[in-house]
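Q: Here it is, the structure in full.
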Amino acid sequence: MSQDRTGGGRRAAGRRRKPAKRRRALVIAAWSAAGVVLLGGAGLGYFYFTLNGNLKTVDIDAALGTDRPENVDNGSMDILVLGSDSRGGANGEYGRDDGGSARSDTAMIVHLYEGHQKASVISIPRDTMTARPSCTTGNGKTDPGGTRKQFNEAYTVGGAACAVKTVEKMSGIRMDHYIEVDFTGFKKIIDNLGGVEVTVNKPIKDGASHLELAAGPNKLNGEQALGLVRTRKSVGDGSDLGRIQLQQAFIKALIKQVKSIGLFDNPKRLLDLADSATKALTTDKTLGDVKSLMGFAQGLQGIDAQDMQMITLPVSPDPRDTDRVAPLTKESALVWDALLADRPIPPEATENSMGDKGTAGGIVQ
């Protein structure tokens, strides 16, 4: 498969998606948030407009125009899911208030295969050094980008649109949707779910995230869950790659929790969950109303934890800065080519990657 990996994205052969008919959640809450809105849909009634008003949107299509990879109509769907590390407002308790400035400290590309019964999730380390295209900044100016920029700074420079543009340049794959969840919203979603149960194989005590868990089963509330997905220095090799493994394990536990609780048997929990989920989310414009979000979530209903292939973008230490990582060219291409063709990611894509060989992934199950 020959594609251009340097320009505005790679081009794939095949039918194009019809623009007028394109199919319309901190990452960790995204799946449950969308599902919650769906499950609540039948009983929301007059709450519809309240929930609709909770959602925040960003018009990615208008911001990026035609400078994007082609849409390939093969029944698949690609979603960029971000968790912002902004310390502004209610999130200030997790660090110095930055006035709302943020970086995308958690980033995942979720690929839904044709039929939406299986998915692949590719985590992008925040300190990945990559090319960043020019982006429009918050004050309307243009940031020129460059060939060597840290991935999570794209969001700081140009918000959601710049993050999407950077991912599309990296992958050559057009993102169908964008979903973002913040710290405070994430906590409320977990609390309204009644917590999430995880089993910890080794005790965790992390001063930075204020998390302390004993070995064995633990029922995590929102604050503890947030601590887990932010924990880094006390697990594995202490890197962001270890934190990604914890996040991936938590996602699977979260999906199991959402599917196991009887939401319809508890109308108050159902409504509280729908309210917190819609308040927590920022989406692209096409998902920016409850009806569209419900339709999107309906496509996720059949996906269980075992139906998700989760990897970290194949990376190695950056040759110019060992505190950073760089994508492995050949292995990354295997990932992107598989997603473009709507195929499973081949095992050889991660054989040489440091991202999926750490020990943190075995701490939580």
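Q: How large is log10 of I(q)/I(0) for region 284-360 at q = 0.22, 0.23, 0.25 Å⁻¹ when the intensity is taken from the Debye formula with one equal scatterer per alpha-carbon?
A: One equal scatterer on each Cα of region 284-360 leads to -0.98, -1.01, -1.09.
Q: Also, I was wondering about something else. How large is ³J(HN,Hα) for each residue in region 145-160, as worked out from phi by the Karplus curve 6.51 cos²θ - 1.76 cosθ + 1.60 (θ = phi - 60°), to whole Hz, x for Gly and Pro?
A: x, x, 7, 9, 9, 6, 4, 6, 7, 4, 5, 5, 5, x, x, 4
Q: Can you classify region 155-230 as rounded, prolate or oblate using the Cα gyration tensor, where a ≥ b ≥ c are the square roots of its eigenvalues, rounded means a/c under 1.5, and otherwise it's prolate if a/b beats b/c and oblate if not? Each step should come with its number before you reach the end.
A: Values: a/c = 2.54, a/b = 2.23, b/c = 1.14.
Here region 155-230 falls in the prolate category.
Q: How much accessible surface area, in Å² rounded to 10, belongs to the heavy atoms of Glu223 with a 1.4 Å probe?
A: Near enough 80 Å² of accessible area.
Q: Tell me the per residue accessible area of region 125-216 using a 1.4 Å probe; a whole number in Å² is fine. Don't jump to the answer; show the numbers that get you there.
A: Values: 3450 Å² over 92 residues.
Per residue, region 125-216 has an accessible area of 38 Å².
Q: Hey, what do the phi angles of region 57-66 turn into as Karplus ³J(HN,Hα) couplings, whole Hz, using 6.51/-1.76/1.60 and θ = phi - 60°, x for Gly and Pro?
A: So the J values, rounded to whole Hz, are 10, 9, 8, 5, 4, 5, 5, 9, x, 9.
Q: Got a sec? Charge dipole of region 115-243, +1 on Cβ for Lys and Arg, -1 for Asp and Glu; which of Leu228, Ile204, Val157 is way out at the positive end?
A: The residue sitting most towards the positive pole is Val157.
The values are calculated or read from the model by the stated rules, or taken from the named source; none is laboratory data. Note that the structure is predicted; figures quoted are calculated from it, not measured. With ideal geometry, Cβ positions are generated from the backbone for all residues, glycine too; neighbour counts draw on all protein chains shown. Keep in mind that these areas ignore ligands, DNA and RNA; they rest on the heavy atoms of the full protein, side chains included. Shrake-Rupley method; radii C 1.70, N 1.55, O 1.52, S 1.80 Å.
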